[in-house]
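Take a look at the structure below.
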Amino acid sequence: MKSIIIALSILMAISNNQEHLNKYDYDKAWEAVEKFISDGLPKSALEKVEEIHKMASTENNKPQFVKSIIYISRLAIITDEKGIETSIERLENIIKTNSNDVKEITASYLAELYQRYFDINRYEISQRSEMTSEKGADFRTWTTQNFLTTIESYYLMSLENQEKINIPINEYQVILNTYDKEAIVFRPTLYEVLADRAINFFNSNDGLLPQNESSFTISDKAYFGTSKEFVGMAIKTSDPSSSKFRILTIYQQVLQAQIKSGNKQALADYDLKRLEYVFVNTTIEGKKEVYQGSLKNLAEANQKNDYYTEIIYVLAGTMLGDEKDTMSNVKVMDICNGAIKKYPLSSGASKCASIVSNITKPSIQLYAEQVYASKNNMLLAVDYNNVTLLQLSVIKLDKTYEEINKLNDQQQVLDYLIKAKKVFTSSHTLQVSKTYKSQKAELHMPALPYGQYAVLVTASGTEKSEKIHQYTLCHVSDLTYTTYLADKNRHFFVNDRLTGKPLQNVNIQLFTQEYNPGNRSYVFNKAGEYKTDKDGKVSMPATENRNFKVVLTHKKDVLNLSSFHGNYEQYEQQENRFAEIFTDRAIYRPGQVVYFKTILLKNDKNQIPSILPNHKVNIILHDANYQEVAKQTLTSNTFGSVNGSFTLPLGKLNGNFSIECNSSDGVNGNKKYSCRRIQKTHIFCENG
């Protein structure tokens with residue numbers, strides 16, 4: 001569905017029942033404003049907008065009036081250091097002095113203005129402790145919850161009088177950035193646009209709004225009912241401030257409005273979004289199957305309008321690649337092709353066509369070992385779909401490949417491999433899956449001489465013109481090694497890959513990587529060279545805290561995996577003592593008793609834990625300002641635990657409370673709580 005884009009990202013549509021007046025050329029005036037803005041002259045732009053505002057007020061031209069208010073607010077913030085305060089005060093006065101639709105529109109814009117300020121200063125605001133008293137007049141001192149409750153109130157205010165804002169949106173092209181006739185059918189009035197803005201706010205800020213153990217949850221299958229069933233639901237909650245509750249009640253009102261108006265397109269669009277929201281946020285078991293059933297019912301009810309294809313597209317997305325149903329992709333193909341055939345010119349049909357294309361396009365994934373032994377045949381594996389023919393090629397890599405690979409351009413590497421001389425090729429005919437799902441196959445290659453190779457596969461799809469390429473690198477070597485750091489030495493053990501026999505006189509070269517600013521590239525510098533003894537072992541001082549690459553050579557066998565190892569000092573673990581603190585519940589009222597239990601533990605040098613019995617510790621309760629409220633000195637029992645209680649103080653600032661455990665011999669522990677007032681008589685304490 002196309003969207004309606006409004007000036008400053010806000011759709012501000014105003015009732016325009018007055019006759020169009022031509023005494024003042026608004027278009028020409030706005031052109032001048034935009035030119036001032038583009039020329040970097042915001043003060044001149046503001047003066048021109050004030051002129052427009054004055055004229056719109058005189059002529060009672062509501063669309064121009066509100067558009068000018070939006071621009072004045074934006075430009076005032078740019079040109080005046082107190083511009084945002086002035087703008088908010090001005091908008092609040094407009095809300096107080098207007099009882100028509102201007103009030104609702106301005107309320108929605110003011111909510112967004114507060115939201116923008118909050119988003120810009122979110123980190124600073126989040127550091128403020130929540131207060132139990134009323135918010136102050138200066139919004140710059142507000143807490144997170146102060147902002148959210150204020151923004152929420154203005155969005156709800158914008159929807160208070162549905163009849164007043166039930167105004168056809170196509171009457172207000174003057175304030176639209178773009179006017180899309182196709183989109184009007186989905187958002188036919190100002191009411192739907194303001195409702196969308198409120199829903200977006202509650203949805204995007206759900207995680208920041210207060211939650212408690214009685215918070216509203218979507219835990220009933222009835223929320224997946226038809227639009228008429230859903231609208232008729234009595235949604236009850238003891239937490240009316242819940243964002244989920246707010247969103248569902250707004251959806252009820254909006255769907256009721258579409259049912260009443262008979263707008264089937266808008267009804268289907270809102271119903272689809274409502275079902276998607278319920279699916280994402282519900283807590284019921286088997287929600288995917290219930291959701292799919294509701295989508296099928298919605299599609300069935302909308303077969304006579306082209307929005308049917310949008311519903312099928314969403315339904316197909318839930319079915320795609322279902323591992324429990326081997327025929328899921330076939331079913332998706334059927335319903336998508338049916339939707340395309342039914343309404344070929346709809347936007348949903350193009351989306352369904354994209355799903356069909358993704359299901360039927362050829363795909364392949366190649367798997368190979370990093371190193372193969374020289375005397376064994378080589379086994380590879382592929383996952384493929386919609387591939388009928390596969391060409392396997394092997395290229396022995398040389399310095400030409402190394403130079404091309406330095407360019408970090410995968411397409412150049414692929415082009416080189418396609419044209420390079422092949423040391424082995426084979427063709428394989430593959431069976432296309434009738435279920436459009438990935439299949440597996442094994443490919444065999446003969447043993448190859450020592451060296452590094454690229455294995456390239458070229459796959460042909462059901463259409464002869466469709467070809468895809470993929471490659472992977474591997475080595476052929478009979479060498480294998482292990483390495484570790486101990487006693488400030490680096491140790492290597494080299495063995496035969498097949499027999500495990502230790503190999504003597506294997507040359508081991510170490511290389512470090514350095515950046516060359518002259519040619520802006522990395523080069524390898526030899527840092528050392530060693531040979532293994534009769535036990536296949538070699539040791540060297542690990543003096544540098546840096547990474548290095550290893551190259552092994554034994555006669556004609558060279559193993560260069562380009563893997564790096566690090567000689568970094570490993571610090572010896574120290575014994576540490578700590579406390580785990582637990583409390584009896586999550587929600588407390590001021591003055592209630594907090595029961596706690598603390599387990600005292602220590603980890604030895606090997607990080608093996610044990611309890612600390614008969615150990616004396618201090619248990620301290622801190623308030624939001626980290627001031628000591630109460631303190632107890634307790635001794636752990638034979639199980640290493642202590643327990644007790646604190647009474648939460650009355651009249652203290654709410655915020656981040658904590659219980660601390662410490663002792664003179666290093667036991668430390670801390671339990672934090674985020675204390676917020678959720679309802680009049682509740683404080684929510686969330687474990688930090």
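The values are calculated or read from the model by the stated rules, or taken from the named source; none is laboratory data. In this text, all values refer to a predicted model and were calculated from it rather than measured experimentally. Counting neighbours? That spans all protein chains shown, and the Cβs are built from the backbone with ideal geometry, glycine included. With ligands, DNA and RNA removed, areas are computed over all heavy atoms of the protein, side chains included. Shrake-Rupley method; radii C 1.70, N 1.55, O 1.52, S 1.80 Å.
On the chain, 49 percent of the accessible area sits on carbon and sulfur atoms, based on a 1.4 Å probe.
Compared with the dominant principal axis of the Cα atoms in the chain, helix 308-319 is inclined by about 40°. Of the labelled figures [x] 131, 61, 33; [y] 99, 80, 57; [z] 75, 53, 53, only one reflects Cα extents along the principal axes in Å as derived from the coordinates, namely [y].
Farthest towards the positive end of the charge dipole of the chain, among the residues L208, F646, N516, is the Cα of N516, using unit charges on the Cβ of Lys, Arg, Asp and Glu. The distance separating the Cα centre of segment 225-288 from that of segment 456-519 comes to 57 Å. In the context of the full set of protein chains, residues of segment 271-316 present 45 Å² of accessible surface per residue (probe radius 1.4 Å, heavy atoms only). In this simple spin-label model, placing a label point 7 Å from the Cα along the Cα-to-Cβ direction at both E580 and N358 gives a separation of 4.3 nm.
Each Lys and Arg contributes +1 and each Asp and Glu -1, all at the Cβ; summed about the Cα centre of segment 449-496, the dipole is approximately 140 debye. For segment 429-486, GluC sites (Glu not before Pro) are listed when DSSP marks them as loop and at most 12 other Cβ atoms sit within 10 Å of their Cβ; the list is E463. Once the C-beta distance of R122 and S562 is scaled by a Förster radius of 45 Å, the resulting FRET efficiency is 0.55 to the nearest 0.05.
In the structure displayed, which of K62/K260; K375/K555; K62/K82; K228/K342; K421/K549 lie more than 21 Å apart, Cα to Cα?
Details: K62/K260 27 Å; K375/K555 16 Å; K62/K82 27 Å; K228/K342 26 Å; K421/K549 29 Å.
Flagged as over cut-off: K62/K260; K62/K82; K228/K342; K421/K549.
Under the simplified labelling scheme, the Y484-Q431 pair shows an inter-label distance of 4.8 nm, with each label point 7 Å from Cα along Cα→Cβ.
Within a straight-line Cα-Cα reach of under 22 Å, K605 can be paired with the following lysines, leaving aside sequence neighbours fewer than 8 residues apart in one chain: K488.
So how strong a dipole does segment 26-100 carry about its Cα centre when Lys and Arg Cβ are +1 and Asp and Glu Cβ are -1, to the nearest 20 debye?
Values: 11 positive and 13 negative charges, 37 e Å.
Rounded to the nearest 20 debye, it is 180 debye.
Only lysine pairs 8 or more places apart or on separate chains count here, and in segment 266-340 those with Cα atoms under 23 Å apart total 14. The trypsin sites (Lys or Arg not before Pro) of segment 234-327 that meet both conditions, a loop assignment by DSSP and at most 16 other Cβ atoms within 10 Å of the site Cβ, are K236, K304, K324.
Mind pulling the angle between the C-alpha long axis of helix 190-204 and the longest principal axis of the chain? Nearest 10 degrees, somewhere in 0 to 90. Taking the Cα atoms of the chain, the angle to 190-204 is about 40 degrees. Taking each DSSP H run with n ≥ 4 as -39500 (n - 2.57) and averaging over every residue of the chain yields -11000 deg cm²/dmol at 222 nm. The accessible area of S242, taken with all protein chains in place and a 1.4 Å probe, comes to roughly 0 Å². Applying both filters, DSSP loop and at most 15 other Cβ atoms within 10 Å, to the GluC sites (Glu not before Pro) of segment 294-390 gives E323, E369. Counting only alpha carbon atoms, the long axis of helix 410-419 and the longest principal axis of the chain meet at about 50°. In this structure, the amide hydrogen of V558, modeled 1.01 Å from its nitrogen in the peptide plane, lies closer than 5 angstrom to those of G451, counting only residues at least 5 positions away or on a different chain.
How big is the dipole moment of the chain about its Cα centre under a simple scheme where the beta carbon of each Lys and Arg is +1, that of each Asp and Glu is -1, and everything else is neutral? Debye, nearest 20, please. Could the numbers behind the result be given before it?
On the way: 81 positive and 78 negative charges, 307 e Å.
Result for the chain is approximately 1480 debye, rounded to the nearest 20.
Per-peptide packing, taken as the mean over residues of other Cβ atoms within 10 Å, places 194-204, 153-163 in the sequence 194-204, 153-163 from highest down. For K164, which aspartates and glutamates qualify as cross-link partners when the Cα separation must be under 16 Å and same-chain residues fewer than eight apart are set aside? The qualifying aspartates and glutamates are D101, E104, E192. Electrostatic bookkeeping for E34 treats Lys and Arg as +1 and Asp and Glu as -1; over the other residues with beta carbon under 13 Å from its beta carbon, the sum is +2. Solvent-accessible surface of segment 71-138, averaged per residue with a 1.4 angstrom probe and all protein chains in place: 53 square angstrom.
Once the Cβ-Cβ distance of Q365 and E276 is raised to the sixth power relative to R0 = 30 Å, the FRET efficiency obtained is 0.45.
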